[in-house]
Each structure stands twice: as structure tokens, then as C-alpha cells.
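A quick write-up on the structure given underneath.
Just so it is clear, none of the values below were taken in a lab; they were calculated from the coordinates. As the structure is a prediction and not an experimental result, all values here were calculated from the model. Glycine gets a Cβ as well: all are built from the backbone with ideal geometry, and neighbour counts include every protein chain shown.
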């Protein structure tokens, strides 16, 4: 585990992260969803599978988790954290390309950071939260068209955060360079009704999808 310094608008702090050095010249940074932390089995399974494929990985907490709170802080705090962890990753392996991934909230915060100028080679979203469940009139899409790097949306077809799917597809169409990989029957955490699997296994199953995107 490492500690990464973050300059928040309210002052300096640190967040904990897990860094694993690979040998294929690619670093994948992984952010957690709003209601979890970096050690959720979904994320540990996902990063372990990437590690096994030779990627370097950096899995981190947002400040509100470090402070013991359950609800995310201001978006500016998450964006500052993304800037700090990307800086750490580039310093740890200066020759590697850096890709930002995140589950739900973590991925959306990465997209906002990139729209504001954070430099990464690409973005992969593990369940992008287009809107709160049942609130399609509140889409979170304004910044997506400003992102120039490749974007991958990994989405479950039964995810309530992107229903109706036609609205989600319209949102993706506004992006400059984006693609979608659908997980048939998957919900927001990619669980499939009638098929019980540990969260770590579900997370690991998505690693090859992201790996293929990064390699291309």
C-alpha cells in the first residue's frame, strides 16, 4: 500500500492506494464506486486479473472514504484526487501509457477530470451512471463530448442507471471516440439474474474486455 498526496480546495490530504508494477508498459488506474472503497471484491478481482495479464495497476480510495464517510464529497475533491493518482502513476513508471478506469461514480469522476484537462491515454467505464435509477430526466452527459481520448463503456443491459438504453446510446453518440461492450442481462454491478457468482469473479471477467480495448 502507498499513500498519495492530494491537494484539495480545502487543503492537503492523502489517500491510500495499492500499486502493482507490471511489465507490458501500460498502467491502468482503478477507482471505486460511490458506496464502496478500493478493497471491494469486484475491484480486487478486476485488478488481480489485469495484474496477471502484465499490466501495472493502481487502485485507490477517494478522500471521503479515507475520512470514514459513506457519501461522496464535492466533485472537485474527486477530480483533484484523479489528478494526483495519475501524477503518481506517471512518476512510478514514466514510460508507461496511463488509462483511467472506474466503477460507476469513479469512472464518471475520471471523465470529468479528463474533460477539465487531465491527460490519460483513454477511459474505461465499468457501469457508467448515466442518471440516477428512475430519473432519466437527470442525465450526466454534458462533459462527455469534450473528451478527445478513446472511451470504452462496459454496460449491463439491465442496468437501471442507463434505462432506457436508447437514451444511453444517444449519449454515447455525442462522444468523439467511444464504443460500448454490452454484458447481456447484467445489472449495475454486472450481476446476471439466475447466475450467482462472487463479486471478485465478476470483476475479473471484465479485465479481458478492458485489456483488449487498451491494446487496440
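By how many nm would the segment from residue 176 to residue 195 grow when fully extended, if each residue of separation counts as 0.36 nm and the alpha-carbon distance is taken off?
Separation in residues times 0.36 nm, less the Cα-Cα distance, equals 3.3 nm.
At 0.36 nm per residue, minus the direct Cα-Cα distance, what do residue 205 and residue 138 gain on full extension? Give it in nm, one decimal, please. Working shown, then result.
Details: separation 67, 0.36 × 67 = 24.12 nm, distance 3.05 nm.
This chain segment gains 21.1 nm when fully extended.
Work the Kirkwood hydrodynamic radius out for segment 24-116: mean of 1/r over every pair of different alpha-carbon atoms, inverted, in Å.
Working: mean 1/r = 0.0754 Å⁻¹.
One decimal place: 13.3 Å for the Kirkwood radius.
222 nm [θ] for the chain, helices only, -39500 (n - 2.57) per DSSP H run of 4+, per residue, to 500? Please list the in-between numbers first.
Values: 6 runs with 71 residues, N = 216.
That calculation yields -10000 deg cm²/dmol at 222 nm.
For the chain, just the Cα atoms, rotate onto the principal axes and tell me the three extents in Å, largest first.
41, 37, 34 Å, listed from the longest principal axis down.
Just to be sure I understand the model, the point goes 7 Å from the Cα along the line to the Cβ. What's the resulting residue 16 to residue 48 distance in nm?
Computed distance between label sites residue 16 and residue 48 equals 1.8 nm.
Just check segment 91-216 against the gyration tensor rule for me: Cα atoms, a ≥ b ≥ c as the square roots of the eigenvalues, rounded for a/c under 1.5, and otherwise prolate or oblate depending on whether a/b exceeds b/c. Present the calculation step by step, with values, prior to reporting the outcome.
Working: a/c = 1.99, a/b = 1.18, b/c = 1.68.
Oblate, because a/c is 1.5 or more while a/b does not exceed b/c.
Could you tell me the calculated FRET efficiency between residue 169 and residue 215, based on Cβ-Cβ distance and R0 = 25 angstrom, to the nearest 0.05? Show your work: numbers first, answer last.
Numbers: r = 25 Å, r/R0 = 1.01.
So, using R0 = 25 Å, E works out to roughly 0.50.
In which sequence would 82, 99, 182, 19 go, from the one with the fewest C-beta neighbours within 10 Å to the one with the most? Intermediate values should be presented prior to the final figure.
On the way: 82 27, 99 24, 182 13, 19 19.
Listed from fewest to most nearby Cβ atoms, that is 182, 19, 99, 82.
Using only alpha-carbon positions, what ratio does the radius of gyration of segment 128-197 give when scaled by 2.2 N^0.38 Å?
Details: Rg = 12.4 Å, N = 70, 2.2 N^0.38 = 11.1 Å.
Compactness ratio reported: 1.12.
For the pair residue 90 and residue 3, what calculated FRET efficiency results from E = 1/(1 + (r/R0)^6), where r is the Cβ-Cβ distance and R0 = 22 Å, to the nearest 0.05? Provide the component values of the computation, followed by the final result.
On the way: r = 17 Å, r/R0 = 0.78.
Efficiency at R0 = 22 Å is approximately 0.80.
Kindly work out what percent of the DSSP beta bridges joining two residues of the chain are antiparallel, to the nearest 5. Don't skip to the end; give the middle numbers.
Details: 13 of 39 bridges.
Expressed as a percentage, antiparallel bridges in the chain total about 35.
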